[in-house]
Structure formats: C-alpha cells, structure tokens
Amino acid sequence: MKPVLEVKDLSVTFRTEDGKLSAVDRVSLEVGDGEVLAVVGESGCGKSVTAMSIAGLLPRTANVDGSVKLDGTELIGADKRTLRSIRGREVAYIFQEPMTSLNPVFTVGHQIGEVLRTHVGLSRQAARARSIELLKLVGIPSAERRVSDYPHQLSGGMRQRVMIAMAVACDPKVLIADEPTTALDVTIQAGILDVLRGLRERLGTSIVLITHDLGVVADLADRVAVMYAGRVVETAQVHELFANPQHPYTAGLLGASPAAGRHAETHRLNEIPGLVPLLSEQPDACTFADRCPRAVDFCTTSQPQLTTGQHQVACWNPVREPVEV
Amino acid sequence: MAVADIPVGLRTNRSKVVRRILRNPLAITGLVVLAIAVVLAVFAPWLAPHEPTQTHLDQAFAPPGTVGHLLGTDDLGRDVLSRIMFGLRASLHVGLLAVATSLVIGVPLGLMAGYFRAIDALISRFTDLVLAFPFLILAVGLAAIRGASLGNAAIAIGIAQIPGVIRIVRSETLRLKSLDFVAAAIVEGAGDPWVLGRHILPNAASVIIVQATVAIPAAILGEAVLSFLGLGIQPPAPSLGTMLSDAQQFASRAPWAAVMPGVAIMLLALAFNIVGDSLRDALDPKASRR
Amino acid sequence: MKRYLLSRLWQSVVTLILATIVVFAGVRALPGDPALALAGEDRDPESLRAIREQYGLDDSLLVQFWQFVSHAARGDLGRSIRTGEPVGSMIAGALPVTIELSILAILVASVIGVGAGVVAAVRRGRPAEWAANALALLGLSVPNFWLGLMAILYLSVALGLFPASGFVPFFSNPIDNLHHLVLPALILGTGLAAVIMRQTRSSMLDALSADYIRTAEAKGLSPRAVIGKHALRNSLIVVVTIVGLQLGALISGAVVTERIFALPGFGKLTVDAVFQRDYPVIQAVVLVTATAYIVINLLVDLLYSVIDPRIRVRGDA
C-alpha cells in the first residue's frame, strides 16, 4: 500500500540568539491510507515541530531539510501558494489549546465557513449550511443555534469539536492532531477520541496523532513512532510495541502504563530519571545514553540507526525479552 | 525570611541591564545627547556666550554664523544660543519638577490601588476625574487661579501625569502581589507597610523608572506648549516655548529664531524617549515589542 | 452586557458630578472676592451687587452649587464679562470648528498610525519596521505647535500651498473649508498617530503570536486574510481604547493648533478667556471640556463593547 504521507530524513534547526538549535534530526515517518499513526514522546522531543513542519507552519527562524511527500507531491521547498492550497484542504490541523486556537472575535460558523469559502469557493450561505452539517458531524447539539455562537460561549470540549469540524471541512487526506485532548478534562477527552475514531471510520481520513498520553495511543492508534530528543527511536504496530518494546526508553515509558487494549484513562508517560538533552550536545552518541539503564560503552561514542522491517528500533543494546505487564 | 529575600526585577540584573544598554548604539547616542543637554543647561550661566535677556537692538536679526552669535540673534538682538541654553535649563527644571510631582502622588496611590482591593475603586474614580481635565485645561484653570508661572505649569503637568503613574504602578503591584515571594511574606505575617515598602516598591522600581523617563519628555513638550501660549514661564525669562511664541511674529524675517528652539526641544525629547525605550527593552527584552 | 453598561454609565455620572464640584470649587478658589474676579475691571458697587445677585454669592455654598448646576444644565453658563454675550452661544459658535478639526485629526492619525503599526509588526526586523519606529519616536518628540509654525513658514508662506490661517465654515464652502483645515489636522494628528502606531504595533505583535493565527494559517488562508482580518480585528479592540485615552491630549493639542492657525474654535476661546480673565467663560470652557471628555469616553467604551463579542455577548460556558 502506498503511504499517503511520507516523511523522509526530516531535520529542523532553529536560529536562536545562542546559535543554531537542532529540534528534529533525520526523522522518517509513513502514514498509510486511513491509518492512525501516533507519535509519542516527552515534551520537547520534537514531535510537535515535526507535525508543524509537514505543512510549512514553522516560523521563519526554522530551517527545514529532508522530504515530506503528500500523495507523491513534495511539500518541503514548495512555494507558499501551493502550501496554502494544501493547508486546510489536504492536510488539516487540530491543536492542543481549544481555548485560544479559535479567534475570539468571529463566530464559530464564520471560522468553519472560512475554510470552505477559501478552498471550495462556497458562498456565505452554502458555507453556513455546510458548517451546521459539520457541527452535527462532530456531535455538537443544536448546531443550528451554535453556529452563530462566539468561541467564549462554548465549553472547552465543544471548542475542540469546532476545531475538528473546521479541520475536516474539506475532507482532508491527512489530519494532524497535536495533543488534541491534553488540555481537556478526563471526562471530555473520551468524547473527543470517539469523534476522531468516528471520522476515521466514516471518512477514511489518515490521522497523525501527536501525544504523550499512552492511553490515547492505545485507544486510537494503529502504529506508533516513539520520539526522543529529536529522533525516532522505535516504531511498530501498536500491539507489538505495547507487548514487546525493544528500546529501553519505550520500555521505560511503558513501565507503569496500561497494556494495549485496556481502555483509555489518562496515563501519562512514566517518569524516567534525568532530563531530555539538547540534540546539539551529542552528535556522536545515543541521546538516551545518559539516562539509559542498559547503556554500554559503545552508546556514548556512536549513534545507533533505526533497524528495518515492521518493528524498527535504534539501540545498541535493545530489550529482547517481552516485558511483564 | 529566606524566601522573601529572593530578589527579582531590577535588583537581579542591574549589571546585565547596563551591559545591554551599552551594546545598543541608539541608546548611547541618546545618552550622549542627553548628557550634552544637561551640561549646557546646568552650566548655562558659565557657558553661555551672552546674557540671555540682554538686548542689543543694533545687532537684531543677525543670521546664524555671525561672529559672536553662533545661532544668530532675535528681533531684540538677543543671542539665540544663550537663550536656548537657558531655555533647556527651564525645560529640564519643569520636566523634573512635574515628574517628581506625579511620582510623589501617583506611586503611593498606585501601590494602594493594587494592594488593597477596597481602595481600588475609589482611586480609579480619582484617576477618571483627573483624566477628565486635559492637561491644558488644568493648566488654564491653575493659571486662572494662581497665575501663570514655571511652578504652576509644572504642577499642572504633574497632576495630569498622575493617572499614568497610578495605572502602571497598580498593575505592577497586582503582578508582584501574586508572586510566590510576596505571597510567602504575607503568609508569614509581614505587615502591609512592610510588604509594600520592602518587597513591592523595590521591585516595581524598574517600571517606575521607565515611566519617569518617558514622562519627562512629555512634560518638557507640555512646558513648551504652556509657555508658547503664555501660560507658563513669563517673559523675559528665556524658555524654549516663549522663544517660539516671540519668533512667530518675525518668522519670515528670521526663520532661525523659530527653527532653532524647536530643534532643541525635539532633540531633548527625542533623547529622553530613546533612552526610555532602550531602558525598557534592556530591563525586559521580552517586552521590547511593546 | 446590560450590567456592564449600567456600571459604566454610573461611573461616568459620578465622575461628572465630581468634575462639576471641582469646577465650582475652582472658581471659589480664585484669590480674593469672587465677585471682584468675576467683574473684571468693571468694579462699581452696582455691578458687583448684580454679580453677587446673579451668582448668588451671598447664599450658602450648597445653594450656590445647586444654582450653578441647575443653570448649567439648562445651558445657561452665564455671560462673558468682556462682551456680555451669553457664554453658551459663544461655545456653540466655537465648538463646530474644534469638532471638525479633531475628527479630521483622528482620521489622519488612525490611517497613518494603524497603517504604520501594521507594517512595523508584519515587517519585523526589516528596514520598514525600523523606519516606522523612527517615525513614531519623532512623532512623540516633536512639539506639534513648532511643527505647525514650520509648516506655515515653509508650506504656506514660502510655497503658498495652503492658507496660513483662518477658517471657512464647511457649509458655505466645503472645499475651501477642507483646504484651510488640512494642515492643522495633519499637525494635530502627528502626536496621536505616533501613539496609535506604537499601540497597533504592539497589539498586532501580540495577535500575530496568538494560537488563533496559527489556526488561520493552518486553514490555508492568505496572508492578507490572516493579517488584515484575524490579527487586525483583534488588535483594533485595544487601539480603540487607546484613542479614547488620548482624547485629553487631543483637546490640549487642538487648543494650541487653533492658536497657531488662528482658527476661531474652542481653543482660541479658552486662551483668550484666560488672558482676558473672563472667568465665566473659563469656568464654562473647563466644564464643557470635562463633560465632553467623560461622554466621549463612555461612547468609546460602548464602541469597544460593540467590536468585542466577549463583552457584547455573555458566555454560556
């Protein structure tokens, strides 16, 4: 099966006052048609930067290298006009903060309709009618009334549903959900995940799910990529990864987490002692070596590469035996 | 009181602030202009080539560059350069006096408004009231009641600047009050005057200083306006505003007499504004976009 | 919304009452016998008694205050002690000039200020931002009456581009009227433009770094829509309040500008009254200014709540 989204050797560096800062280092990801790929890792591991760079949403201070192909079309280095025609239409985003991600001075109907008017050329009235349908699709009650509400009149969960409605308005090929439930109450999270699952089933949208919540991963994802300090350290099918984590970091994350299949409560990543290092500090070493319980001498002098195959891992001394769960 | 002694704000990075300012060429330029203006003003009685009020009718309307009159003379033959130097003196005098007035009244009110919720509404009524009288109207009223003079002009300008001081000190107090070390001091049972004087005021100092640096040029422009209208410094005492008002009569004949004092006011105000801006940026680089 | 309006209205009324007391007290604070001050040079006992009668100076302060307020409320602001003209009609004659000048100045300042502010925010770190910042700094530092003098000296007298002084009523000749007011409005607008520019720039930078701008970009909107619609609409809310706060400076500026360009407006009335020690006029001018300031600020606040839906529509959430 040809992947819908193919990220290859993506590197991102930021120009800062203290020199160049590397945020993402040669990351490769693939998302198949209708597949949900979860990208997990601690905050600062580069998962959001990876997501933002896909459709060119990073600030001017960012320098992006590598390749991002959407249905075979190269997006890195594409001109602004092309990127704009893709954003919102073929690649759509949902962000973490539903409170601030909607513009406070426009009605939600206006903000959803704006996507349709920009990309599909719908009239104001048609866009409004379609907005109401979309609001119904994401499970907002009395959508006809809610369409003329301002964001501050809605609860956090409702706002996130509006964000989702806005994202799927043009039936995008890929939906990038950056921590879609993190800012929400536990009780509301399940509802949002249901909406996302429903969309995947009904519309066949591929989803890149950025999260640090393993419960969400277990609930929704088909495949998982684990990121650490700007690199992908392990990737596998979700059941395989939960049952048989090979990277010590993944194993550490899963340490106190629920097994795959057990239903989503909020289970944050297991605390691993130490701090995530800055990538630029260690060019020729495994970035996890300082915190790794299985580190060998070799780990501090040479950087491990991802293996190939279904279950890929970048480690000199991977965990081989299945962990107890 | 270990927690309470954690310094924040101005005290922590005084040397850093100085370094940031010294690295900024615009700030250096502003400081140099300011220093020159202050020296000219303070030492005017010794530095000025002529008596500022001495008339020489035989030398009237000498153009700039005339021997003995670098910037020319006015309709009464008075030396423009000397008058500008004494005018700067008056401008700085009014500027400092006005800002001092606004700080003496505004800072305590701002601290109280931010610290005691009960007084907040009362003080904001007071600021509304002051704002309802634009500074010129205040000056008009004061001149009508007490007569026009340098002191009254400074008081009118100072009063008009109080609301700005209150607003800034109040919001800074609100911010500081919510910080851990102040909260800790309050929990530990420190009295209100102690908390205000020992913790809040020193840490609000940086915003107060920045406010003062941008209020001084505003006050200087205010003095020039009042004197120009005849509501400030009274002739024949030299003031940049009265010089302009005189020069208006013969501006076509001796444009320099109208141009030079204006340039002097502008440079002085510009230097203060640049220094104020740089100071604000240096104190809080993140707020430099403000 | 309703509660907010009522509380705002109530605040304005309180301020207005306080302002009236201040004006009333101000006249009583005049050195010496207020009747002497009010009479000016006309000091024969007969007119002094008439003044005492007119202002009820022999009554108690409370009664006097009531008299003052009730007369003022009926538009009776007394008579000028110079010309004998009713102060009310003097003000009515002068106000239109000042109002037109101020509206033009606000217009000029908003166009320049908002435009330059947006450019400075969007072109951050480029020469355009530097130029806009420099212009704003100059605008804040230039004494605008001096700028006016220079404009008259070089644009009006030397080049003859604009009339140097005078005023033509709008309804007798609109073109001539605008020709006379262009220069004064530009001059009066400079300081305000600088303030608006700085405020626009800072609130645009805030808006541009907001999450909803990232959303707008992720939607694939054009830069024009992202900046001109999503960011600007939010920034203008802040800018409108700032314009309201600058009203005092605008009134002060108008007085000076009118003086320089010899416009027969409110400012000229004020300055003349001070020099002629025409106390009834001074008293009225101060009261009218304070009232105008309070009322206009109330209107600005209402406008503010119209543009900002967070104030206009109460949240259910």
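The values are calculated or read from the model by the stated rules, or taken from the named source; none is laboratory data. What you are looking at is a predicted structure, and each value in this text was computed from that prediction instead of being measured. Note that we place each Cβ from the backbone using ideal geometry, even for glycine, and neighbour counts take in every protein chain shown.
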For this session: May I ask you to list the residues in the stretch B:229-250 that are among the small types (Gly, Ala, Ser), farther than 18 Å from C:Lys268 by Cα and surrounded by fewer than 20 Cβ atoms within 10 Å (Cβ to Cβ)?
Result: B:Ala237
Problem set entry | Counted residues, the stretch C:110-138 - those being facing chain B (nearest Cβ under 10 Å) and under 21 Å from the mean Cα position of the chain (by Cα) | 1
Seminar exercise, completed: In the stretch A:68-104, anything free of Cβ contacts under 8 Å to residues at least 60 places away in the same chain, crowded, with 20+ Cβ neighbours inside 10 Å and either over 12 Å from A:Gly56 (Cα atoms) or at the interface with chain C (Cβ under 10 Å from one of its Cβ atoms) (or both) is listed as A:Arg84, A:Ile86, A:Arg87, A:Asn103
Exercise. So which residues in the stretch B:85-124 are of a type in the set (Val, Ile, Thr) and within 19 Å of B:Ala153 (Cβ to Cβ)?
Worked result: B:Val94, B:Val99, B:Thr101, B:Val104, B:Ile105
Exercise. Within the stretch C:181-204, is there a residue that is within 14 Å of chain A (Cβ to nearest Cβ), part of a loop (DSSP other than H, G, I, E, B) and under 19 Å from C:Val119 (Cβ atoms)?
Worked result: no
Seminar exercise, completed: Within the stretch B:60-72, residues crowded, with 18+ Cβ neighbours inside 10 Å and free of Cβ contacts under 8 Å to residues at least 60 places away in the same chain come out as B:Ala62, B:His69
Exercise. So how many residues does the stretch B:247-276 have that are touching a residue at least 40 places away in the same chain (Cβ under 8 Å), more than 7 Å from every other protein chain (Cβ to nearest Cβ) and not in a loop (DSSP other than H, G, I, E, B)?
Worked result: 14
Seminar exercise, completed: Of the residues in the stretch C:297-317 that are facing another protein chain (nearest Cβ under 9 Å) and assigned to a helix (DSSP H, G or I), the one that is modelled with the lowest pLDDT is C:Arg312
Exercise. Looking at the stretch C:261-272, which of its residues are more than 8 Å from chain B (Cβ to nearest Cβ) and surrounded by 23 or more Cβ atoms within 10 Å (Cβ to Cβ)?
Worked result: C:Phe261, C:Leu263, C:Gly265, C:Phe266, C:Gly267, C:Leu269
For this session: Among the residues of the stretch A:292-313, count how many are hydrophobic (A, V, I, L, M, F, W, C) and farther than 16 Å from A:Val233 by Cα.
Result: 2
Exercise. Only one of (1) at negative phi; (2) surrounded by 17 or more Cβ atoms within 10 Å (Cβ to Cβ) fails for B:Pro49. Which number is that?
Worked result: (2)
Seminar exercise, completed: Among helices (runs of 4 or more DSSP H) entirely within the stretch C:211-289, at least 3 residues that are touching a Pro at 6+ places or on another chain (Cβ under 8 Å) and under 30 Å from B:Ser245 (Cα atoms) occur in C:247-260
For this session: Any residue in the stretch C:227-243 that's under 10 Å from C:Met204 (Cα atoms) and more than 9 Å from chain A (Cβ to nearest Cβ): show its pairings with residues that are at pLDDT below 85 and surrounded by fewer than 20 Cβ atoms within 10 Å (Cβ to Cβ) at Cβ separation under 9 Å, as long as the two are six or more apart or on different chains.
Result: C:Leu236/C:Ile307
Seminar exercise, completed: Being in the same structural domain as C:Val195 (by TED's automatic domain parsing), touching a Pro at 6+ places or on another chain (Cβ under 8 Å), within 28 Å of B:Thr242 (Cα to Cα) and not small (Gly, Ala, Ser) narrows C:Val97, C:Val142 down to just C:Val97
Exercise. Within the stretch B:69-77, can one find any residue that is part of a loop (DSSP other than H, G, I, E, B) and small (Gly, Ala, Ser)?
Worked result: yes
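Let's see how each residue does on (1) touching a residue at least 24 places away in the same chain (Cβ under 8 Å); (2) crowded, with 22+ Cβ neighbours inside 10 Å:
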residue: C:Ala73; (1), (2): no, no
residue: C:Gly84; (1), (2): no, no
residue: C:Leu95; (1), (2): yes, no
residue: C:Thr98; (1), (2): yes, yes
residue: C:Val108; (1), (2): yes, no
Problem set entry | Residue pairs meeting the criteria (Cβ under 6 Å; at least 6 apart or on separate chains; first in contact (Cβ under 8 Å) with a residue 40 or more places away in the chain and away from every other protein chain (no Cβ under 13 Å), in the stretch A:136-161; second assigned to a helix (DSSP H, G or I) and of a type in the set (Ser, Thr, Tyr)) | A:Val147/A:Ser131
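Quick check, is C:Phe145 in contact (Cβ under 8 Å) with a residue 60 or more places away in the chain, more than 12 Å from chain B (Cβ to nearest Cβ) and of a type in the set (Phe, Trp, Tyr)?
No: the conditions fail for C:Phe145.
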Exercise. So which of B:Arg280, B:Arg198 is of a type in the set (Lys, Arg), away from every other protein chain (no Cβ under 14 Å) and out of contact with any Pro (no Cβ under 6 Å at 6 or more places or on another chain)?
Worked result: B:Arg198
Problem set entry | Those residues of the stretch A:113-128 which are crowded, with 17+ Cβ neighbours inside 10 Å and small (Gly, Ala, Ser), in sequence order | A:Gly113, A:Ala127
Exercise. Quick one: how many residues across the stretch A:1-27 are among the aliphatic types (A, V, I, L, M), assigned to a strand (DSSP E or B) and over 23 Å from A:Pro304 (Cα atoms)?
Worked result: 1
Exercise. Do we find a residue being surrounded by 23 or more Cβ atoms within 10 Å (Cβ to Cβ) and touching a Cys at 6+ places or on another chain (Cβ under 7 Å) anywhere in the stretch A:205-227?
Worked result: yes
Exercise. Do you know which of the residues in the stretch B:143-170 that are among the hydrophobic types (A, V, I, L, M, F, W, C), at the interface with chain C (Cβ under 9 Å from one of its Cβ atoms) and over 16 Å from the mean Cα position of the chain (by Cα) is surrounded by the fewest Cβ atoms within 10 Å (Cβ to Cβ)?
Worked result: B:Ile145
For this session: List every residue pair whose Cβ atoms sit under 6 Å apart, with the two residues 6 or more apart in sequence or on different chains, where the first one lies in the stretch B:113-139 and is buried (at least 23 other Cβ atoms within 10 Å of the Cβ) and the second, anywhere, is not in a helix (DSSP H, G or I).
Result: B:Ala139/B:Leu231
For this session: Answer yes or no: is there a residue in the stretch B:89-99 that is under 29 Å from B:Glu51 (Cβ atoms), in a helix (DSSP H, G or I), polar (S, T, N, Q) and touching a helix residue (DSSP H, G or I) at 6+ places or on another chain (Cβ under 7 Å).
Result: yes
